[in-house]
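Trainee: This is the structure I want to talk about, given as structure tokens.
A short reminder: the numbers here are calculations on the coordinates, not readings from a lab. Only a predicted model underlies this, so the values are computations on that prediction, with no experimental measurement involved. Counting neighbours? That spans all protein chains shown, and the Cβs are built from the backbone with ideal geometry, glycine included.
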Amino acid sequence: MAESISGKRYDLEERTLNFAKEVIKFVRKQPQDIANREIIKQLIRSACSVGANYIEANDNLGGRDFLMRIRICRKEARESRYWLTLIEVVNQESENQRKALIQESTELTKIFASILQKTKST
């Protein structure tokens, strides 16, 4: 199991960290009305949780723990995409950032789904 991801561990850890950082940068530029504040809280939690759970998955505490953490990563990436679709943006630059973050959350979801599929079949 560790061998199947060992070559990509660093890249995916860095990628999930960058995703969280980019989400944080993005939300700092958005309107801070009551609705956006609540969405921002949820978005930051889910975006940061993706990478945190991936790091936990790589601690190799056993196959079941690994699978559970990867499932959480996938769930949090999907949730991030949801919050990104709800947030109100202020301008075209923010809209472009949002679209890029939605695309990244979609790709991360697919990556974690693929890891789950490959792990189950081994």
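Trainee: Whole-Hz ³J(HN,Hα) for each residue in the range 72-79, computed from phi via Karplus 6.51 cos²θ - 1.76 cosθ + 1.60 with θ = phi - 60°, x for glycine and proline: what do you get?
Mentor: Those phi angles translate into 5, 4, 4, 4, 5, 5, 5, 5 Hz.
Trainee: Taking the Cα centre as origin and putting +1 on Lys and Arg beta-carbons and -1 on Asp and Glu beta-carbons, what dipole magnitude results for the chain, to the nearest 20 debye? Walk me through the numbers on the way to the answer.
Mentor: Working: 22 positive and 17 negative charges, 53 e Å.
So the magnitude is around 260 debye.
Trainee: Between the DSSP loop rule and a limit of at most 15 other Cβ atoms within 10 Å, which GluC sites (Glu not before Pro) in the range 41-109 are left?
Mentor: In loop regions of the range 41-109 (DSSP not H, G, I, E or B), the sparsely surrounded GluC sites (Glu not before Pro) are Glu88.
Trainee: Here is a follow-up. For Kirkwood radius over Cα pairs in Å, which listed value, (i) 15.9; (ii) 13.6; (iii) 14.7, comes from the coordinates shown?
Mentor: Of the listed options (i) 15.9; (ii) 13.6; (iii) 14.7, (iii) comes from this structure.
Trainee: Determine ³J(HN,Hα), in whole Hz, for all residues of the range 39-51 in sequence, where each value follows from phi through the Karplus function 6.51 cos²θ - 1.76 cosθ + 1.60 and θ = phi - 60°; x replaces Gly and Pro.
Mentor: Couplings: 5, 4, 4, 5, 4, 5, 4, 5, 5, 6, 5, 4, x Hz.
Trainee: Checking the table Lys41/Lys75; Lys75/Lys118; Lys21/Lys110; Lys25/Lys120; Lys41/Lys110; Lys25/Lys75 against a 28 Å threshold on Cα-Cα, which pairs fail?
Mentor: Lys25/Lys120
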